[in-house]
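Only one structure is covered here, and it is reproduced in the block below.
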Number of protein chains: 6
Amino acid sequence: MMSDWLTSLKTDTPQQGFELAIMLARNAVAYTQPSPEIRERLRYIYAENADSLIATSHVVATHFQTVAAANNYWK
Amino acid sequence: MMSDWLTSLKTDTPQQGFELAIMLARNAVAYTQPSPEIRERLRYIYAENADSLIATSHVVATHFQTVAAANNYWK
Amino acid sequence: MMSDWLTSLKTDTPQQGFELAIMLARNAVAYTQPSPEIRERLRYIYAENADSLIATSHVVATHFQTVAAANNYWK
Amino acid sequence: MMSDWLTSLKTDTPQQGFELAIMLARNAVAYTQPSPEIRERLRYIYAENADSLIATSHVVATHFQTVAAANNYWK
Amino acid sequence: MMSDWLTSLKTDTPQQGFELAIMLARNAVAYTQPSPEIRERLRYIYAENADSLIATSHVVATHFQTVAAANNYWK
Amino acid sequence: MMSDWLTSLKTDTPQQGFELAIMLARNAVAYTQPSPEIRERLRYIYAENADSLIATSHVVATHFQTVAAANNYWK
C-alpha cells in the first residue's frame, strides 16, 4: 500500500530519533485513514484540542522509547 | 477460532515490522468482534474521528515495541 | 476467588501467546466484575463501539509485550 | 499513611503475580482516595461500565509487566 | 522552578518505591499546574471520579515500572 | 522545522531527567501545533482540567522511562 518509508531505526542524534518517532505516529494513522485530504481536515480539528494533542504526544513518547532503544540511547 | 495467522515476529525490514504491528492491533479487535461486517461499519466511523485514529496509532506503537525488540531493532 | 487459570507464560507459538494476552486482558476484568451475566451484557455494548474495541486492543498489546518477553520472542 | 502492604514483588506462580498486579492497581487508587466508603460506592459504578473495566484491565497489564519481570517471567 | 525533590530512584523497599511512583505522578502535574490551590480544588473532583482515579493509577503503574527497574526489582 | 533542542538524553540528576521528560512531552505537542499562541491558550484550559493534567502526567511518565534507562537509572 505504502512505498518504502522505513528502512532503519538508526538516527544520528536524539532529536532525529524524536522526529522519527513523530513520523511513526503519523504513518500509523495514514495506514488506517489513507486519504490525505481527510487527515488534513482532521488535523485542523485535533491541533486545537488539548486532549488530542496530549494523546498524540503520548503516542510519540511510546515510539521514542523504541527508537531510543534501537540507538542504544545515543550513548 | 481463528486459523494460523501469526507464526513469527521476525521480519526482514522495520517497515514490515511496522505493518505486522498494525496487523496485531487489528486482529485483537477481530477476536473481540468477530463479525467482519460490523468491523467494516465501525471502521468507517473511527477512520474519520481524530481521537480514534490517535488511539489506534497508540496501539500500533505498543505492538511495534514488541516487534522491534523481537528483531533486535533490525541492527 | 478464581481457580487456577495461569500456570505459565510459555506458549508454543506467537499466536498462542497472543491468545494468552487476550485471556489475561479478559480475566483482569473478571476479577473486578465477577458476574458472567453482567460481563456478557457489557460485551454486547463495547463489541459494537469502536473506541472500546481500540482500548481493548491496547490492553492486549500491553500483555503481549509481557508474554513475548517471557518466550524470548519465540526466537 | 498506609501500613506495610508491599514487601516483595516475588510470587510463586504467574497467577499470584497477576493478583499482585491487581492489588497494585487498586492500592494506587487508595492512596488518592483513602475513604473505603467512597471507593466502594465508585466500584459499583465502574464495575458496570465497559470502558472503566477496560481501563482498569490496562492498569493491571502495566503492573503485570513489572511483576513478571521481577520474577524473571517465572521461567 | 521547583527545588530539589528527586535525588535518587533507589528505595529500601518496594512499598517505598511505589510511594515514590505516586510522588512522581503528582509532581508532573505540579509542573504543569503550579498553583497548589487549583490542584487541591481539582483533587476534590477527580478523587470522586472513578475514571480519573483509574487514570491516575495508570500513571503510577508506569512510574513504578521505572522505579522497580532502577532498584533491580528489590531482588 | 525546529532548531536543535535535543542533543543528549544524559542528565546529571534524576530530577533533571524528569524535567527533560517534561520538555519531551511538550515538544511533541509543539511539532503538531507550532503556534505558541494557540498552545498558550490551550494550556489555560487543560491546566485546570484534572483529566488533562493526569493525561499529561502519563506522557511524562512514559518519557521518564526512556530518560531513566538512558542514564542507567542514575545508579
Can you report the number of residues in the stretch E:63-72 which are touching a residue at least 40 places away in the same chain (Cβ under 8 Å) and assigned to a helix (DSSP H, G or I)?
6
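Of all residues in the stretch D:26-39 being touching a residue at least 12 places away in the same chain (Cβ under 8 Å) and not aromatic (F, W, Y), which is surrounded by the most Cβ atoms within 10 Å (Cβ to Cβ)?
So the residue we want is D:A28.
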Number of the exception - D:N72 against (1) polar (S, T, N, Q); (2) within 12 Å of the chain's Cα centre (by Cα); (3) surrounded by fewer than 17 Cβ atoms within 10 Å (Cβ to Cβ)
(2)
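Can you pull out the residues in the stretch B:5-33 that are over 19 Å from C:L24 (Cα atoms) and either modelled with pLDDT under 95 or small (G, A, S) (or both)?
B:S8, B:G17, B:A21
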Of those in the stretch D:40-65 that are open to solvent by 70 Å² or more (accessible area, probe 1.4 Å) and more than 9 Å from chain C (Cβ to nearest Cβ), the residue nearest to the chain's Cα centre (by Cα) is D:E40
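Let me confirm something: among D:E48, D:E19, which residue is of a type in the set (D, E, K, R) and closer than 26 Å to C:I45 by Cβ? Walk me through it before giving the result.
Values: D:E19 fails: closer than 26 Å to C:I45 by Cβ.
Unique residue meeting the criteria: D:E48.
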Name every residue in the stretch A:1-25 that is open to solvent by 30 Å² or more (accessible area, probe 1.4 Å), facing another protein chain (nearest Cβ under 8 Å) and in a helix (DSSP H, G or I), in order of residue number.
A:E19
Across the stretch D:41-56, what is the total count of residues that are closer than 14 Å to C:H58 by Cβ and modelled with pLDDT under 95?
0
With the requirement that a residue be in a helix (DSSP H, G or I) and within 11 Å of chain F (Cβ to nearest Cβ), what does the stretch E:26-36 give you?
E:R26, E:N27, E:A28, E:V29, E:A30, E:Y31, E:T32
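The values are calculated or read from the model by the stated rules, or taken from the named source; none is laboratory data. For clarity, every value in this text was computed on a predicted model and none was experimentally measured. Glycine gets a Cβ as well: all are built from the backbone with ideal geometry, and neighbour counts include every protein chain shown. Heavy atoms of the whole protein, side chains included, go into the accessibility calculation; ligands, DNA and RNA do not. Shrake-Rupley method; radii C 1.70, N 1.55, O 1.52, S 1.80 Å.
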